[in-house]
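The structure under discussion appears below in the form of structure tokens.
Values in this text are rule-based calculations from the coordinates and carry no lab data. Here the structure is a predicted model, which means the values were calculated and not measured. Here the Cβ is made from the backbone with ideal geometry for all residues, glycine too, and neighbour counts use every protein chain on show.
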Amino acid sequence: MSIDKTHKKIAIHKLVNENGISIDFQNLGGIISSIKTPDRNGKLSDIILGFEAPNQYLEEHPYFGAIVGRFANRIAHGKFTLEGKEYSLAQNNGTNHLHGGLSGFDKVFWEVEPLENENGIQISYTSKDGEEGYPGNLSITVDYVLTDDNTLKVKYQAHTDKTTVINLTQHSYFNLSGDFSNQILDHELLLNADQYLPLDDTQIPLGNYQSVVGTPFDFSTPKTIGKDIGAKDRQLKIGNGYDHCWVINNPNNEIVKAAQVFHPDSGRTMDVYTDQPGMQLYTANFLDNTLPSKTGGTYGPRSGFCLETQHFPNAPNEPIFPTTILKPGDMFASETWFQFSVK
Ligand code: GLA
């Protein structure tokens with residue numbers, strides 16, 4: 001963990017829409033530190049795990065709310081080869097590379113500008129050639145837009161001056177109950193995916209696509225996150241719960257509805273749309289009650305869930321996975337939308 005705390009101060013930017021939904025963003029890591037949405041009785045609550053005190057984000061934490069890159073999730077042994085040259089990255093997760101390394105995009109300060117024609121901000125960052133071991137000066141912008149139909153749109157763009165790899169995600173932890181002492185096991189989840197990526201013991205995809213049919217990984221019709229999470233299953237054991245990438249049904253690479261989450265008690269619903277091929281569902285398996293919660297107490301296992309839209313983990317080493325290579329002259333462009341409603 002290394003944040004250069006000397007140069008910049010955390011600044012917070014707020015977006016509000018006509019229905020009273022509000023979202024707080026930080027220049028550090030592009031972190032979303034709060035999303036307040038109404039329940040079915042109109043009561044607003046914060047549905048994002050994180051900290052009350054902004055300075056706490058300068059300390060160790062599990063990517064709460066952050067933009068993750070240059071390569072989200074794992075690269076086996078922190079090594080990949082591009083145009084005949086082998087690159088070595090930090091092994092910061094056992095022997096693997098995780099979430100961009102020791103000082104990934106979650107730990108850097110981004111420039112922030114308001115967007116002119118939309119209710120939004122644009123954050124930007126240039127990752128230098130060689131930063132965290134990756135080739136090429138990579139310039140990234142992320143637009144965060146809050147619409148009046150209660151949708152947070154996250155729009156990524158990037159370009160490079162040398163061939164590189166890129167995989168960006170938004171690592172917010174949601175708990176639609178608004179009370180982080182409640183586990184998220186009662187949330188009903190639908191994933192628009194017939195297959196997922198099984199993992200080896202170090203959480204690297206084995207390289208095959210596995211049908212979800214007849215497994216605890218079948219969310220193709222809604223079921224609670226808790227229904228099968230305790231099942232005797234080798235893959236669940238490896239992840240200590242769900243910590244896997246689903247293959248979104250999206251043959252034409254369009255923006256499709258990839259996930260829907262419904263919390264019966266509050267009525268809160270969240271739909272996730274994306275043009276990315278993968279969706280990592282992570283059920284906060286490694287939260288261990290050491291970090292203070294915004295609603296009192298500490299964050300424990302299953303106190304939130306992440307739906308991380310992304311390319312497939314370890315794609316630089318798996319020729320059958322959709323490519324994550326970005327070349328000079330090409331533009332990386334991708335969108336993910338989180339739409340909030342009540343039922
Ligand atoms: C992702 C990974 C998990 C874990 C979290 C952050 O979801 O797949 O294994 O690293 O991020 O703690």
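Quickly run through the stretch 316-328 and pick out the residues that are free of Cβ contacts under 8 Å to residues at least 60 places away in the same chain and farther than 22 Å from residue 193 by Cα. Selection gives nothing.
Each residue in the stretch 294-315 was checked for being touching a residue at least 60 places away in the same chain (Cβ under 8 Å) and either surrounded by fewer than 19 Cβ atoms within 10 Å (Cβ to Cβ) or away from the ligand (no atom under 16 Å from the Cβ) (or both), and 6 of them qualify.
For the stretch 60-85, filtered to residues that are out of contact with any Gly (no Cβ under 6 Å at 6 or more places or on another chain) and in a loop (DSSP other than H, G, I, E, B), the residue that is farthest from the ligand (Cβ to nearest atom) is 84.
Restricted to the stretch 287-329, and to residues that are part of a loop (DSSP other than H, G, I, E, B) and among the small types (Gly, Ala, Ser), which residue is farthest from the chain's Cα centre (by Cα)? Write out each step before concluding.
Going through the stretch 287-329, the residues part of a loop (DSSP other than H, G, I, E, B) turn out to be 287-291, 293-297, 299-304, 311-314, 318-324, 327-329.
Then keep just the ones that are among the small types (Gly, Ala, Ser); that gives 293, 296-297, 300, 303-304, 329.
Values: 293: 20, 296: 24, 297: 24, 300: 19, 303: 16, 304: 12, 329: 27 Å.
Applying the filter and picking the extreme gives 329.
Residue 88 - would you say it is within 21 Å of residue 32 (Cα to Cα), among the hydroxyl-bearing types (Ser, Thr, Tyr) and away from the ligand (no atom under 13 Å from the Cβ)? The answer is no for residue 88.
Going through 259, 333 one at a time, which residue ends up being part of a strand (DSSP E or B), under 15 Å from the mean Cα position of the chain (by Cα), touching a residue at least 24 places away in the same chain (Cβ under 8 Å) and under 24 Å from residue 148 (Cα atoms)?
On the way: 333 fails: under 15 Å from the mean Cα position of the chain (by Cα).
On inspection, the qualifying residue turns out to be 259.
Is it true that some residue in the stretch 97-113 is in a strand (DSSP E or B) and among the β-branched types (Val, Ile, Thr)? So far as the stretch 97-113 goes, yes, one or more of its residues are in a strand (DSSP E or B) and among the β-branched types (Val, Ile, Thr). Surrounded by fewer than 22 Cβ atoms within 10 Å (Cβ to Cβ), within 16 Å of the ligand (Cβ to nearest atom), among the acidic types (Asp, Glu) and assigned to a loop (DSSP other than H, G, I, E, B): which single residue out of 201, 265 fits that description? Residue meeting the stated conditions: 201. One residue is enough: does the stretch 71-89 have a residue meeting the conditions under 17 Å from the mean Cα position of the chain (by Cα) and of a type in the set (S, T, N, Q)? Yes - at least one qualifying residue is present in the stretch 71-89.
Scanning the stretch 211-223 for residues that are surrounded by fewer than 17 Cβ atoms within 10 Å (Cβ to Cβ) and of a type outside the set (D, E, K, R) returns 211, 213, 214, 215, 220, 221, 222. Against the conditions (1) more than 16 Å from the ligand (Cβ to nearest atom); (2) out of contact with any helix residue (DSSP H, G or I) (no Cβ under 9 Å at 6 or more places or on another chain); (3) closer than 28 Å to residue 314 by Cα, residue 14 satisfies every one except (3).
What do you reckon, is residue 314 touching a helix residue (DSSP H, G or I) at 6+ places or on another chain (Cβ under 8 Å) and not acidic (Asp, Glu)? Yes; evaluated as a whole, the condition is true for this residue. The residue of the stretch 82-113 that is surrounded by the most Cβ atoms within 10 Å (Cβ to Cβ), among those that are among the hydroxyl-bearing types (Ser, Thr, Tyr) and touching a strand residue (DSSP E or B) at 6+ places or on another chain (Cβ under 7 Å), is 87.
Condition first: farther than 14 Å from residue 190 by Cβ and either in a strand (DSSP E or B) or in contact with a Leu (Cβ under 7 Å, 6 or more places away or on another chain) (or both). Now tell me which residues in the stretch 243-256 satisfy that.
First, the residues of the stretch 243-256 that are farther than 14 Å from residue 190 by Cβ: 243-245, 247, 250-255.
If the condition is that a residue be farther than 14 Å from residue 190 by Cβ and either in a strand (DSSP E or B) or in contact with a Leu (Cβ under 7 Å, 6 or more places away or on another chain) (or both), then 243, 244, 245, 247 are the ones that fit.
Can you tell me which residues in the stretch 229-247 are touching a Ser or Thr at 6+ places or on another chain (Cβ under 8 Å) and away from the ligand (no atom under 16 Å from the Cβ)? The one that is touching a Ser or Thr at 6+ places or on another chain (Cβ under 8 Å) and away from the ligand (no atom under 16 Å from the Cβ): 233. Within the stretch 47-59, if we keep just the residues that are within 15 Å of the ligand (Cβ to nearest atom) and over 15 Å from the mean Cα position of the chain (by Cα), the residue that is surrounded by the most Cβ atoms within 10 Å (Cβ to Cβ) turns out to be 57.
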